[in-house]
Amino acid sequence: MSDLITLPTESQKTAHIRLTLNGEETEVHFAPYKTLLEVLREDLGHTGTKHGCELGECGACAVLVQGKPVLSCLLLAMECDRKNVLTVEGLSADGKLHPLQDAFADLGAAQCGYCTPGILVTAKALLDENAHPTRDQIREALSGNLCRCTGYQQIFEAVEAAVMRIASEKNG
């Protein structure tokens, strides 16, 4: 017996939502059993959001829904109708990387990079809520995002560097 994965046929794509994805109004039809992670990757082509454990334990699939970090592997896409969703692809603006992305690149906070999209959007949510978090607040905010490569030191330092870059952009 074959272990082939079959994608839903057009007749199975009975669910329909409208959402604002990375600042753009978007409509999508999909099979109603799909998670937001599956719809983002398979139906909308936003592959920056990663499949990780698919159990809500690693944070690789984190995106922002209504400005709050959520694990897209645990959220049915149907629950996102008329909501704002931000993925890692939506962090940059006008061809310029977000200060978090710049800091992560400059400080070597991403090694294999698999966990990085989830960490970046989670860190963005933190900085949107608290412009000057402490190291402990950063550690707590990112505690649901697992990284097997960096040991976290560079990640925390990159978030702190991004805080300084954002502050200098506002003041300068």
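Regarding V85, is this residue within 27 Å of T14 (Cα to Cα) and in contact (Cβ under 8 Å) with a residue 24 or more places away in the chain?
yes
Just one of the numbered conditions (1) in contact (Cβ under 8 Å) with a residue 24 or more places away in the chain; (2) farther than 19 Å from K13 by Cα; (3) more than 14 Å from the chain's Cα centre (by Cα) is not true of L97: (1).
Go through segment 119-148 and give me each residue that's outside any helix (DSSP H, G or I) and either closer than 15 Å to L100 by Cβ or without any contact (Cβ under 8 Å) to a residue 60 or more places away in the chain (or both). Walk me through it before giving the result.
Step one: of segment 119-148, the residues outside any helix (DSSP H, G or I) are 130-134, 142-148.
Selection gives N130, A131, H132, P133, T134, L142, S143, N145, C147, R148.
Residues in segment 62-117 that are out of contact with any Pro (no Cβ under 8 Å at 6 or more places or on another chain) and in a helix (DSSP H, G or I): 15 in all. When L100 is tested against (1) more than 14 Å from V163 (Cβ to Cβ); (2) modelled with pLDDT of 95 or more; (3) not aromatic (F, W, Y), just one condition goes unmet, and that condition is (1). Among the residues of segment 149-172, the ones that are in contact (Cβ under 8 Å) with a residue 24 or more places away in the chain and outside any helix (DSSP H, G or I) come to 2 in all.
From the list R139, R135, which one is basic (K, R) and closer than 21 Å to E57 by Cβ? Result of the check over R139, R135: R139.
The values are calculated or read from the model by the stated rules, or taken from the named source; none is laboratory data. Computed from a predicted model, the values in this text were never measured in an experiment. Virtual Cβ from ideal backbone geometry, glycine too; neighbours counted across all protein chains shown.
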